[in-house]
Amino acid sequence: MPKSDDIVRILLAEDDDSLRGFLARALERAGYEVVACPDGETAVDALDQHFHVLLTDIVMPGIDGIEVARQAAARQPHLRIMFITGFAAVALSAGDRAPAGAKVLSKPVHLREIVAEVERMVAA
């Protein structure tokens, strides 16, 4: 993970505009650098940059969060991955298709909970 003086970079993929904005602001206030993407295609394109954490919705039009995570894990093996979803059944089945070690949080999720989980992932 990053050295203590490195800024942790988070790739955020969330198709809900208001939730994406809330998450990005909360994570930035916590001291993280956030690249916020409105869909999976944009997130995959952003993988040319280095990130420490991928935070992605699972259900998105086009490229879904599982595929974003697979491509991200293949290109950046040390990337920590966290999914957020409002669909319990999707969350339950995501474990079969998601990269090993990925965390799944169900919506509605509190911003504090996401920030705390990111902190735990970065510290691991």
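The values are calculated or read from the model by the stated rules, or taken from the named source; none is laboratory data. Keep in mind it's a predicted model, so treat the numbers as computed, not measured. Reconstructed Cβ throughout: ideal geometry from the backbone, glycine too, with neighbour counts over all protein chains shown.
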- prompt: Which ones in region 38-57 are without any contact (Cβ under 8 Å) to a residue 40 or more places away in the chain and more than 14 Å from LEU19 (Cα to Cα)?
  reply: GLY40, GLU41, THR42, ALA43, VAL44, ASP45, ALA46, LEU47, ASP48
task: For region 20-49, enumerate the residues that are of a type outside the set (Gly, Ala, Ser), out of contact with any Leu (no Cβ under 9 Å at 6 or more places or on another chain) and farther than 14 Å from VAL115 by Cα.
output: PRO38, ASP39, GLU41, THR42, VAL44, ASP45, ASP48
field: helices (runs of 4 or more DSSP H) wholly inside region 1-101 that include at least 3 residues being modelled with pLDDT of 90 or more
entry: 17-29, 40-46, 65-75
query: With VAL35, VAL68 as the choices, which residue is without any contact (Cβ under 8 Å) to a residue 40 or more places away in the chain and within 13 Å of the chain's Cα centre (by Cα)?
result: VAL35
field: Total residues in region 102-119, condition among the charged types (D, E, K, R) and closer than 19 Å to ALA72 by Cβ
entry: 2
message: So, in region 107-123, how many residues would count as being of a type outside the set (D, E, K, R), loosely packed, with under 12 Cβ neighbours inside 10 Å and over 15 Å from PHE83 (Cβ atoms)?
response: 2
